[in-house]
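Participant: Submitted below is the structure of interest, expressed as structure tokens.
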Amino acid sequence: MKQADRSAHATPINLERLDELLRGLSIEEKAGLTAGIDAWHACGATSVGLEPMLTLDGPNGIRGVTFPVGSSATCTPCGTALGATWDTDLVHEVAARIGFEAKRAGVHYMLGPVLNLVRSPLGGRDFESFAEDPVLAAVLGAAYVEGMQSEGVAATPKHYVANDSETHRTSVDCRVDERTLREVYLVPFEAAANVGAWSIMAAYNRVNGIHCADHDHLVGEILKREWAWDGVLMSDWHGADETVAGAVAGLDLEMPGPPHVYGPHLAAAVRRGEVSEAVLDDKARRVLLLAARVGALTQEGTRVGRPAVGRPAVGPRLDPAKPWHLSDAEASALVRRVAAESFVLLTNDGTLPLAPAAIRKVAVIGPNSARPCSQGGGAAHIAAPPAVTPLDGLRAALPGVEIVHEPACQIGLFLPPLTAADVRDLDGRPGLTVQFFRGQETAGEPHAAWHIDSSEMHFFGDLPKGLAQDDFSVRLSGWLTPSVSGSYELAIRGAGARRLRVDGTVAANLWDAPPGDNIPTALFESRQDGAKFDLQAGKRVLIEAELHSAAYAPHLLAIGCRSPESNDQLERAVEAARAADVAIVVVGTDESWDTEGRDRKTVTLPGRQDELVERVAAVNPRTIVVVNAGCPMDLPWADRVAAVLYAWLPGQEFGNALADVLLGKSEPGGRLPVTIAARESDYPALSTTPDEQGQLVYVEGINLGYRHFDAAGIEPRFCFGHGLGYTRIEFESLEVSADGLASGDSAQLKVRLRNTGTRAGKEVVQVYVADLESSVARPPRELKGFAAVHLAPGESTEVFLTLEDRDLAYWDDAAGGWRIEPGRFEILVGASSRDIRLRASLELE
Ligand code: BGC
């Protein structure tokens, strides 16, 4: 695999001046640089002209929590969607756009991309990862880092390393052998370090018994010495746990603040002689270097400014006190294009693309057709412009066609939040009112009041001015006017002390609950507390959720409400499908399933969605299923419907991109970055629950994803790399420029392609390598390179790819290094891991 050279952003930094600044700092000042000061800012230092650096999540847009309510930023497709594009230039462009918006908002570094892998299909954060394959994740991850940093904003690849699932994520001990680490899980981080990521985030979990933030082997030896990486290793939020072990291993920055183990604690450890001053200097120097890189160091002689590449100046930084909207028509067009490039057409009996002229009536049904999951839950969730739903997109694209809609069933793990469509705030506007109070009781005049659109609030560091994080209370209120009479379920979710009232009646009371000692876990607790209420149509009720905080912690306060479910919802959807020319069924997950902090229990689609698809397919032969999920889900009905399109979590332009692809305005450009198994038990790693010793053993070793299916001879439902287009692209020839590959050499591949169809289309050339004569067990084939190619009808092209000696190597544990064995290797070039079109041999002496 060879990465594109996009080194234009490299900016000269006056390193001598940095050293001079460092010499002028006391131990306490230097230690101050190693800690956050609040939820999102790393420490500043006025004596050296360092402004506090603002960090924000990532990775599918900039998260708005510290921004004024009402602000929004562009929401791009999720990680697996970017993975499905197999397009480095596109990923670079997306990251540059996010970097551009971050820079406008005054953000110095972004917390992403996620370079962990889709190990189990149950991993809650699979949607943030690019792929199950290390090389695909590495190449796209490196392009993301370079795109973001081309705007002068640091990328922070995370979570280093083996944070591939969420169950007990702060304590789980992932047992991964060295060869597997080297050949699989470290590969994307190595690529990110090689392209010069300015920061990396350490994972919460342990690897082979040691917390990642304190891991001398992974951090000190590999990341810092072997890879000679010069960036800042920051902790995950509240993930730094040891002053001395962390400092010696190589953790540079504790986040968030105020510090628990670094800052003054690190200064004291240095003064006591437990940590050498040289170790502290190295950390402080790295932080200063990062500050210089992102333009936060204003001292004369070091300021390099933010390197501007390609894009014109961004204009003044936005006023942090006023709401802003960073997305614009250019961003929407990009997101729409990328989403279409990520949609994977898994099957198609010829029904797609649809010819609008031949359609009179379309049924757009399923839970995600009008309430799509455009982005996942947790840290990645951003305040974005409202997503275009599939229903909206299809209505706009098919003006003369009758469109009927039925949601059919509900899917949430939690009761759905109330939205502006359901409730009114205390002033009668659609939405809810949030009132903040000083102290632990929601009494007296509110200190501040906000208006919000949804009853799910996450806040941390974004409190109104003048409120202390550890001494405030808050009330979220809305008037609900029931549209039908019946039994309504109402519940509250949150971390810490909370309660819920419905028209003054207590529905849940946890007012004395402790704040929770494990913040990252408490935030994602799957507990909801509430009661059922008989409500009358048209008679409004006041719903109030309250929370009080005596601890410095992130908070969640959410009200969920389920209205009486009518029994005939699913039947109505089936009838709508029967009466339509085409049935488009949008199934999937929501943010409670595709989320940080919680793994799924099964790959089955939640709710009655499988039943819905089967029943719709039975009454309408032109049933198109769109799967709106960020992770691999089971598709048991796949060969009984006309077409299946995997749409991931596609960002704010979902509906428009979907209409483009279904109607053939755009090519479905995606190829699977994961394997979709025929049976849950076929996956090499399924359970994400640690054993009684707290260990999660990576038993499959290097045979992750398709490598396992190939090695075990298991037929997946859809293999890694699979995806159909609307045209036919032939692989005509393969030439290899070298017969062998001596150490340090590379081989050039030339692949000739021709579009023999009548439409423009895309192909992803995938290069796999098989070691035919290995003395150690190796996967039957491993992806080593790829290229996305667009061709006009009749057009042909030559694609050049490079294989490097390392692409043939395996990690030799005994020797502690990479080893290439002599013998025969096969180069397999194709359109998926199982659709190999061309082969060549390489003989190594
Ligand atoms: C997540 C990180 C995130 C951080 C800050 C943590 O819980 O694991 O990915 O960047 O919070 O929001």
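Every read-out reported here was derived from the displayed coordinates using simple, explicitly stated rules and does not represent laboratory data. Being a predicted model, the structure only gives us computed values, none of them experimental. Heads up, the Cβs are rebuilt from the backbone with ideal geometry, glycines too, and the neighbour counts pull from every protein chain shown.
Participant: Using the eigenvalues of the Cα gyration tensor, what equivalent ellipsoid semi-axes result for the range 169-288 when each is taken as the square root of five times the eigenvalue, whole Å, largest first? Don't skip to the answer; put the middle values down first.
Facilitator: Working: eigenvalues 105, 54, 32 Å².
In descending order the semi-axes read 23, 16, 13 Å.
Participant: Excluding Leu33 itself, calculate the net charge of residues whose Cβ lies under 13 Å from the Cβ of Leu33, where each Lys or Arg counts +1 and each Asp or Glu counts -1.
Facilitator: Charge balance near Leu33 sits at -3.
Participant: Can you give the helix-only mean residue ellipticity at 222 nm for the chain, where every DSSP H stretch with n ≥ 4 adds -39500 (n - 2.57) and the sum goes over all residues, rounded to the nearest 500 deg cm²/dmol? Mind dumping the intermediate values first?
Facilitator: Values: 16 runs with 159 residues, N = 845.
Dividing the helical sum by the residues of the chain leaves -5500 deg cm²/dmol.
Participant: Hey, how much of the P(r) for the range 108-154 falls beyond 17 Å, as a percent of Cα pairs?
Facilitator: Working: 394 of 1081 pairs.
In whole percent, the share of Cα-Cα pairs in the range 108-154 beyond 17 Å is 36.
Participant: Taking each full run of DSSP H in the chain as one helix, which ones are at least 15 Å long along their axis (Cα atoms) and have mean Kyte-Doolittle hydropathy of at least 1.6?
Facilitator: Values: long enough: 88-104 (24 Å, -0.16); 134-149 (22 Å, 1.16); 277-294 (25 Å, 0.39); 329-342 (20 Å, 0.26); 609-619 (16 Å, 0.14).
Long hydrophobic helices here: none detected.
Participant: On each of the three principal axes of the Cα atoms of the range 726-838, give max minus min coordinate, whole Å, ordered largest first.
Facilitator: 54, 24, 19
Participant: Moving on. Rounded to the nearest 20 Debye, what is the dipole magnitude of the chain about its Cα centre when Lys and Arg each give +1 and Asp and Glu each give -1 at the C-beta?
Facilitator: Numbers: 79 positive and 114 negative charges, 414 e Å.
In total the dipole reaches around 1980 debye.
Participant: What value does the chain have for Rg/Rh, both radii from Cα atoms and Rh as Kirkwood defines it? Please report the intermediate quantities before stating the final value.
Facilitator: On the way: Rg = 26.7 Å, Rh = 27.8 Å.
Dividing the radius of gyration by the Kirkwood radius yields 0.96.
Participant: Cα-Cα pairs above 26 Å in the range 114-231: how many percent? Please report the intermediate quantities before stating the final value.
Facilitator: Working: 807 of 6903 pairs.
Everything past 26 Å amounts to 12 percent.
Participant: Can you compute log10 of I(q)/I(0) for the range 597-747 with the Debye formula, treating each Cα as one identical point scatterer, at q = 0.20 Å⁻¹?
Facilitator: Each listed q maps to, in turn, -1.37.
Participant: Right, next: Across 10 Å bins from the origin, how do the percents of Cα pairs in the range 656-710 run, short distances first?
Facilitator: 20, 30, 22, 19, 8, 1
Participant: Still on this model: Suppose every Lys and Arg Cβ carries +1 and every Asp and Glu Cβ carries -1, with no other charges. What dipole size does the range 611-766 come out with about its Cα centre, to the nearest 20 debye?
Facilitator: Numbers: 14 positive and 20 negative charges, 160 e Å.
That gives a dipole near 780 debye.
Participant: Still on this structure, please answer the following. Let's see if you can work this out: charge +1 on each Lys and Arg Cβ, -1 on each Asp and Glu Cβ, no other charges. What is the dipole magnitude of the range 791-845 about its Cα centre, in debye to the nearest 20?
Facilitator: Numbers: 6 positive and 12 negative charges, 49 e Å.
That gives a dipole near 240 debye.
Participant: If amide hydrogens are placed 1.01 Å from N in the peptide plane, which non-local residues have theirs closer than 5 Å to the one on Val423?
Facilitator: Gly431
Participant: In what sequence, highest mean first, do 764-770, 12-18 appear when ranked by Cβ atoms within 10 angstrom? Before the final figure, lay out each step's value.
Facilitator: Numbers: 764-770: 23.0, 12-18: 14.7.
Most protected by this proxy first, the peptides run 764-770, 12-18.
Participant: Mind checking which of Leu645, Ala513, Ala268 is farthest towards the positive end of the chain's charge dipole, using Cβ charges of +1 (Lys, Arg) and -1 (Asp, Glu) about the Cα centre?
Facilitator: The Cα lying farthest towards the positive end belongs to Leu645.
Participant: Mind running the shape call on the range 357-461? Use the C-alpha gyration tensor, a ≥ b ≥ c as the square roots of the eigenvalues: rounded below 1.5 for a/c, prolate if a/b tops b/c, oblate otherwise.
Facilitator: Details: a/c = 2.93, a/b = 2.42, b/c = 1.21.
Because a/c hits 1.5 or more and a/b exceeds b/c, the range 357-461 counts as prolate.
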